[in-house]
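The values are calculated or read from the model by the stated rules, or taken from the named source; none is laboratory data. Note that the coordinates shown come from a computational prediction; the quantities given were computed from them, not determined experimentally. FYI the Cβ positions are ideal-geometry reconstructions off the backbone, even for glycines, and counts take in every protein chain you see.
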């Protein structure tokens, strides 16, 4: 079995989405701005994992994919919220 190599490009792209969510909060962005960032991140997540998702059964895809998407949205939401707080917006 070949050893798994970390995909630095994908990790970097996801970090960019987190930073964009933070900046959107810092600039007192609207929830629509957050929804745009989150939607783009979700589309990228599905596209970047298309091979792994295709290899899973539907049950695995729903369970593991749903958990991963929930974690991604929590992280993005947290970054947006921290940006709002640091930016001085009243929430």
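For residue 28, the conditions (1) outside any helix (DSSP H, G or I); (2) exposed (fewer than 11 other Cβ atoms within 10 Å of the Cβ) are fulfilled apart from (2). Could you please tell me which pairs satisfy a Cβ distance under 8 Å, a separation of 6+ or placement on different chains, a first residue in region 75-91 that is farther than 14 Å from residue 23 by Cβ, and a second residue that is at pLDDT 90 or above and loosely packed, with under 15 Cβ neighbours inside 10 Å? Final answer for the pair search is 91/85.
Determine whether region 38-51 contains at least one residue that is on the phi > 0 side of the Ramachandran plot and surrounded by fewer than 15 Cβ atoms within 10 Å (Cβ to Cβ). No, region 38-51 contains no residue that is on the phi > 0 side of the Ramachandran plot and surrounded by fewer than 15 Cβ atoms within 10 Å (Cβ to Cβ).
Listed by first and then second residue, the pairs with beta-carbon distance under 7 Å, at least 6 apart or on different chains, first residue in region 14-41 and over 13 Å from residue 77 (Cβ atoms), second not in a helix (DSSP H, G or I), are 28/89.
Here residue 16 meets each of (1) touching a helix residue (DSSP H, G or I) at 6+ places or on another chain (Cβ under 7 Å); (2) part of a helix (DSSP H, G or I); (3) within 22 Å of residue 85 (Cα to Cα) with one exception, condition (1).
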